[in-house]
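Data block below; observations after.
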Amino acid sequence: MLTSVTAFCDSVDLDALQMPLMVMLERIQAYVPGYRLESEPVMVDGGIRVDLSVEGLGDYLPKYAGNLDIINCAAIAVAEYYAETALLSRVSKKSLVRHHSNMQLGY
């Protein structure tokens with residue numbers, strides 16, 4: 001699956017964007033190995049565009065169904081985070097609901 005993401009903005013520093021973009025790519029690739037940057041960010045019509053692709057694992061779905069793989073992999077990552085948090089809340093006796101009200105996933 002190939003997709004383009006465009007963010008509209010008044011101004012942008014393409015050099016400053018490189019590091020955060022690479023960090024986010026690595027985070028996503030940790031649970032979706034087929035996630036790739038297809039081209040460097042470019043300025044287009046008052047915004048910045050990034051082209052991305054996702055190739056599925058090909059285990060249960062065809063490799064071209066990367067969009068479905070990314071949804072499944074993201075759901076698994078959220079479930080694992082939730083389970084880990086639930087276990088930690090049992091150990092510390094904290095309310096799981098209170099803990100998740102300020103939840104920020106690390107990916």
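The values are calculated or read from the model by the stated rules, or taken from the named source; none is laboratory data. Quick caveat: nothing in here was measured; it's all calculated off a predicted structure. Methodologically, a virtual Cβ is constructed for each residue, glycine included, from the backbone with ideal geometry; neighbour enumeration extends over all protein chains shown.
Quick notes
- For segment 5-29, the set of residues classified as within 13 Å of the chain's Cα centre (by Cα) and within 11 Å of residue 50 (Cβ to Cβ) consists of 5, 21, 24, 25, listed by residue number.
Quick grid of which residues meet (1) part of a loop (DSSP other than H, G, I, E, B); (2) loosely packed, with under 13 Cβ neighbours inside 10 Å; (3) modelled with pLDDT of 90 or more:
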site	(1), (2), (3)
12	yes, no, no
22	no, yes, yes
25	no, no, yes
33	yes, no, no
52	no, no, yes
57	yes, no, no
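- Residue within segment 66-74 that is free of Cβ contacts under 8 Å to residues at least 40 places away in the same chain, of a type outside the set (A, V, I, L, M) and either surrounded by fewer than 15 Cβ atoms within 10 Å (Cβ to Cβ) or in contact with an Asp or Glu (Cβ under 7 Å, 6 or more places away or on another chain) (or both) present: no
- Selection over segment 61-95 of residues that are of a type in the set (Ser, Thr, Tyr) and modelled with pLDDT of 80 or more gives a count of 4.
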